[in-house]
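First the structure, in the form of structure tokens, and then the observations on it.
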Amino acid sequence: MQGVYLKFYVQENRKHHHMLAYEWILHAAKSMGIRGGSVFRAMAGFGRTGVIHEDHFIELAGDLPLEVVFALTEAEADALIERIRAEKMPLFYVRMAAEFGVLGAQP
């Protein structure tokens, strides 16, 4: 299937409507009927501010960037981006053309 690989970048401890922002995005996507999404934690990164955030054992969690990713149809990607835009949640995102599907037998 041809579609879109959509990534949102968010700080680990960032909140939206009293939820962690990455959880809010996943819940919003699920409520829209999107079939799946994943969150990946970075070891280090920096964004618009130029501040480098790194994973150190002695530091408290919560300051690292996360990727919230989806493989979607064009229509699903448009709808999810619009849903987040309507929430006025400022997020950096990457949208790429993708081919995706399922290999092997379905259970």
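Residues in the range 32-53 that are touching a strand residue (DSSP E or B) at 6+ places or on another chain (Cβ under 9 Å), over 11 Å from Gln11 (Cβ atoms) and among the small types (Gly, Ala, Ser) were compared, and the one that is surrounded by the most Cβ atoms within 10 Å (Cβ to Cβ) is Gly37. For the range 31-43, a residue qualifies if it is farther than 19 Å from Val102 by Cβ and either without any contact (Cβ under 8 Å) to a residue 24 or more places away in the chain or under 11 Å from the mean Cα position of the chain (by Cα) (or both), and the qualifying residues are Ser31, Val39, Phe40, Arg41, Met43. Does Leu66 satisfy the condition of being out of contact with any Phe, Trp or Tyr (no Cβ under 6 Å at 6 or more places or on another chain), modelled with pLDDT under 95 and either exposed (fewer than 10 other Cβ atoms within 10 Å of the Cβ) or not aromatic (Phe, Trp, Tyr) (or both)? The answer is no for Leu66.
Among the residues of the range 69-107, the one identified as charged (D, E, K, R), in a strand (DSSP E or B) and exposed (fewer than 10 other Cβ atoms within 10 Å of the Cβ) is Glu99. Candidates are the residues of the range 8-30 that are part of a strand (DSSP E or B) and surrounded by 15 or more Cβ atoms within 10 Å (Cβ to Cβ); the one that is farthest from the chain's Cα centre (by Cα) is His16.
The values are calculated or read from the model by the stated rules, or taken from the named source; none is laboratory data. Quick caveat: nothing in here was measured; it's all calculated off a predicted structure. Please note: Cβ atoms are built from the backbone with ideal geometry, for glycine as well, and neighbour counts cover all protein chains shown.
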